[in-house]
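We did not get these values from a lab; they are worked out from the coordinates using the rules stated. Owing to the predicted nature of the structure, the values given are computational and were not obtained by experimental measurement. Don't worry about glycine lacking a Cβ; one is built from the backbone with ideal geometry, like all the others, and counts go over all protein chains shown.
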């Protein structure tokens, strides 16, 4: 009996068999955990590589939209050139979708106007390019799916929308028309008419409310353009290298001396020429969101950048930032800071820049003289809201999803 007790005691203290059993049971867990860790690391590396490729594809493809270029082919070629051969057919033409992107709505497939591209990259057994995994081999499934998506877009609205306010001096003796148009900033064509497109009449200074002075029945010969019954579409200058610009057409003395419409060279109160016509184009250039204007418009245009709508409203006494007074130099404050979301810009036009920028007002001569001007820069006043989509004329696409 004593011998049996000793043997039982020894067996109780001997743990070698238990250790072997625990090791046998733990081995699959340890091996599986190591395999899973390797698979997760591999997944992350592959997914990152795939994401970089579709990002590049989306950015390259969105640049083709305004060129009417091969959007899908550009995306596929860019993705393919940025992945190893063993990634296989990760992106095909059917994985590329053109659409519209706006912050409020997100990406809308096939939406208009088209300003965005979505590119999808897929590795899956169904495409014969699934990602191999060690852990899966333990359970008889050696591949896994990996999918990535990239959306690139140009800002949807990076140009001025229709004016917040537009006022033309109906009391002026000159007849004025104001046009808005799109200017091709990169073209070198010497024919400027080919660089100015979508020329749209937005206002004139006929005094339609005053029947005694209503000149519409006196203006003949198609010299002036009648305002359309309904507003014309605002120029769409959202293409790359285009800017919204303005044209001021000034016809001297015409509203007060209606006889000049029939005879441009007629003498008026002994003063000639009778009805000279001038056209001024801003031909606006935009560099890093900052506007500069043509040399010919420097003498007739004043611009003021404002933080609020009231600051750009000349009638808001005590609040407005718009200068006042005659015989002064024009302010060009918007040339030193770019138009950005939430801000406003005031455009004030002087319809008479004098002769070579020199006024004869100080010589005591009357307004019928060719060089007469009051230089108050308020004959036409346009209040514009800065683009809501980003910096003015920002042409660069960006990843938005």
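Brief remarks on what is shown
- Sorted fewest first by neighbouring Cβ atoms within 10 angstrom, 384, 285 come out as 285, 384.
- Report note on the peptides 55-66, 75-86: ranked by the mean count of other C-beta atoms within 10 Å, highest first, their order is 55-66, 75-86.
- Within the stretch 158-182: backbone nitrogen closer than 18 Å to the residue 319 label point (7 Å, Cα to C-beta): 164-167
- Here 154, 249 are placed in order of increasing Cβ neighbour count within 10 Å, fewest first, which gives 249, 154.
- Three semi-axes describe the equivalent ellipsoid of the stretch 71-113; taken as square roots of 5 times the Cα gyration tensor eigenvalues and ordered largest first, they are 26, 10, 8 Å.
- Applying 0.36 nm per residue to the separation of residue 295 and residue 110 and subtracting their alpha-carbon distance, the gain on full extension is 62.4 nm.
- By the count of other C-beta atoms within 10 Å, a proxy for reagent exposure, 292, 282, 112 are ordered fewest to most as 112, 292, 282.
- Among 96-102, 377-383, sorting by the average number of other beta carbon atoms lying within 10 angstrom of each residue, highest first, gives 377-383, 96-102.
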